[in-house]
Structure formats: structure tokens, C-alpha cells
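The values are calculated or read from the model by the stated rules, or taken from the named source; none is laboratory data. Here the structure is a predicted model, which means the values were calculated and not measured. With ideal geometry, Cβ positions are generated from the backbone for all residues, glycine too; neighbour counts draw on all protein chains shown.
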């Protein structure tokens, strides 16, 4: 990339670390802040506790060394939530780290592990700048009518609003589309799932809310619920917040309905012989289809629908099932694109340290 003066922008070597709810993606990238390319990439899956994440990180760094990865200039981290304080991606400072520790409750499946990895890298490479890339940052453009809950001001002042998630994935989808459709709906479908309305490259509405538990049902997360259901459960033995959190985040969704697994591949193999597996998949497709239709309403029409994420890209049967019934939206493009979160982390990190 050349600047207006004709000089080439500096390229940085970035270690990108992407903590999911049960995985750690990692890679070395070269980026000038506008473009990025990979030197090598890897992923550790089915990780459990914070301790397991630290062990997975150690294995990841050893794997990069074995591949002859060059020394990195900076480290970029995916963080699911920035809370009400951080609406933009940030270079890590003591104050930033302090505030991140204070918003763990917003995303208890993701934040503790991401913090564990960040703090481990601070110990391993204290001289290297680190950047946190927030999934919520892409949704900072949502208007008040989309992000405001119908709750009293005293509650909303606690930072209660619709934040939205999968922002790095959405940024990467927008970057891949040339030309960019004016009215775009993106269905990011993986272990976590969300549907987002994007007008002229800016988020205007999304299904996830205060936390990544809201919206459509997911692998182990319930999605949206009647608030009265929570009150009902609290009166029937589920009064402990930790118990409710475990129920909604870890034992619900595809796993909860099927009673077998959250793995879509296994459910697809069983759906012809297992009614609950079939019901779980039908519910998932039904909810995603409804969400796409609602986002089309938010956009006053839709020009294109993009499916991304592990399920969105690879589960052809479910993608077709979701799309069936959307014909009323008219002649729209339906496509699949890869989620390139790690490339976005590299670009953001290079831009912030430049």
C-alpha cells in the first residue's frame, strides 16, 4: 500500500490470538493496516478451563516456532465485549486491562479465557504492544431505536443495551464484498450465531443483545427468552445466578433440545432416526429464517444475504432449509463467504501500533 506521498506503508508482523468459547485460533500475519496476509495459522479446539487455554497457548506458540515463524512486532486479541467504556478497538494499557476485568459478566463464556491469554502474553512478551479488537465495536453505529431496551433509565444507566457481537467477522465480510450491497444481511452461524442488518457498511440492527446469549438459539446457548420465564425459573429452584447462567449458556440450544450434542454434523447424521435431533435443527433453521426476515424489515428490503461461520459456510442442508421460505424477499443474492476474523485482528493491530 502506498500513501499519497508515494511512500510504502510500513508492514508489521502480528501474532493474532482469537479466543472462542471452546477454541483458540492463532496465526502470524503481515499487515500494513489496510491489507493482511497469513504466514501460518492454526487452531486448538474443544478447550475447557482458563488453565487449558494457557496450555493451548503454550502449544500454539511452540507450533509457530516449529514452523519457523518470524518474530512478531505486536499481538492482537479478539475480545467479545468492551462494555460501555470501549466502543473502539484499543491498544492495551493498565487502565484498559482494569476495565476489561470489570466487564467479565457481560460474556462469561469468552472474557475469562481471553483475559487469561492476554495476561499470559504480557508475561511472555512484556515489551510487545498488545491490542484488543472488540466484537462489539462494529455495532457502535446502531441507532437508539435498535440498541435501547424498553427499560427504565435507572436500569439502562447500568450499561444495559443491545451491544451486538461477531463484529470482527462482520468487518471481514464487508471487506470482501466488491461492490458492497446497500442493504446487506449477514448470518454468522457457528457455535454462536447471530443475524445482522448492515446498511452501506454500517450495522443498524442485530439479534444478539447485552450478552452473546441473546438472539437465535445456538450450539449450547438458548437465545432470546420471555423475561417472565426467568422469573418463573427463579421461583422454582433456579434462584442462583450461576445456575441460570450455566443453564442458558452451556446446557441449552441445540444441545438442550436434542439432548445429545451441539455438533451440527452429528445432529444431521441422526435427524432421520432421532426426533429430538430433527426438532433441534428445524428450530434452528426456523429461528434464523425469521431473523433474516426481520432484518430485511429493518433495512426496508434486502439486496444480499451472506452466510458465514462454520455452519453458515459448510452445512449446505441447513443453509438451504433456512433459505426456503425467503422467496417473498424478492430477487436477492444469497452467498457464502469465509469469516476472516484473524485477518481483521492483524489489520486492526497494525493500524493501531503504526
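Within the set of pairs 6 or more residues apart or between chains, which connect a residue that is loosely packed, with under 15 Cβ neighbours inside 10 Å inside the range 241-259 to a residue that is assigned to a helix (DSSP H, G or I) with Cβ atoms less than 6 Å apart?
259/276
Could you count how many residues in the range 205-227 are assigned to a loop (DSSP other than H, G, I, E, B), closer than 22 Å to residue 148 by Cα and in contact with a helix residue (DSSP H, G or I) (Cβ under 6 Å, 6 or more places away or on another chain)?
Of the range 205-227, the ones assigned to a loop (DSSP other than H, G, I, E, B) are 207-226.
Now drop any that are not closer than 22 Å to residue 148 by Cα, which leaves 207-217, 222-226.
Of the ones still in play, those that are also in contact with a helix residue (DSSP H, G or I) (Cβ under 6 Å, 6 or more places away or on another chain) are 207, 211, 213, 216-217, 222.
Selection size over the range 205-227: 6.
Scan (1) farther than 17 Å from residue 294 by Cα; (2) at pLDDT 95 or above for the single condition residue 199 breaks and write down its number.
With (1) farther than 17 Å from residue 294 by Cα; (2) at pLDDT 95 or above applied to residue 199, the lone miss is (1).
May I ask you to list pairs of residues, at least six apart or on different chains, whose Cβ atoms are under 6 Å apart, with the first in the range 278-299 being assigned by TED's automatic domain parsing to the domain that holds residue 329 and the second being surrounded by fewer than 16 Cβ atoms within 10 Å (Cβ to Cβ) and not in a helix (DSSP H, G or I)?
Sorted first by the residue in the range 278-299, then by its partner, the pairs are 289/325.
Quick one: would you say residue 230 is more than 19 Å from the chain's Cα centre (by Cα), in a helix (DSSP H, G or I), closer than 21 Å to residue 163 by Cβ and outside the structural domain of residue 149 (by TED's automatic domain parsing)? Explain how you work it out, then say what you get.
Working: more than 19 Å from the chain's Cα centre (by Cα): yes; in a helix (DSSP H, G or I): yes; closer than 21 Å to residue 163 by Cβ: yes; outside the structural domain of residue 149 (by TED's automatic domain parsing): yes.
Yes.
Tell me yes or no: at least one residue of the range 42-54 is modelled with pLDDT of 95 or more and within 21 Å of the chain's Cα centre (by Cα).
Taking the range 42-54 and keeping what is modelled with pLDDT of 95 or more, we get none.
Taking every residue of the range 42-54 in turn, none turns out to be modelled with pLDDT of 95 or more and within 21 Å of the chain's Cα centre (by Cα).
Determine, yes or no, whether residue 325 is modelled with pLDDT under 95 and either surrounded by fewer than 20 Cβ atoms within 10 Å (Cβ to Cβ) or under 22 Å from residue 166 (Cβ atoms) (or both).
Considered against the rule, which asks whether it is modelled with pLDDT under 95 and either surrounded by fewer than 20 Cβ atoms within 10 Å (Cβ to Cβ) or under 22 Å from residue 166 (Cβ atoms) (or both), residue 325 comes out as yes.
Please pick out the residue among 177, 170 that is surrounded by fewer than 20 Cβ atoms within 10 Å (Cβ to Cβ) and within 25 Å of residue 352 (Cβ to Cβ). It would help to see each step written out before you state the result.
On the way: 170 fails: surrounded by fewer than 20 Cβ atoms within 10 Å (Cβ to Cβ).
Answer to the selection: 177.
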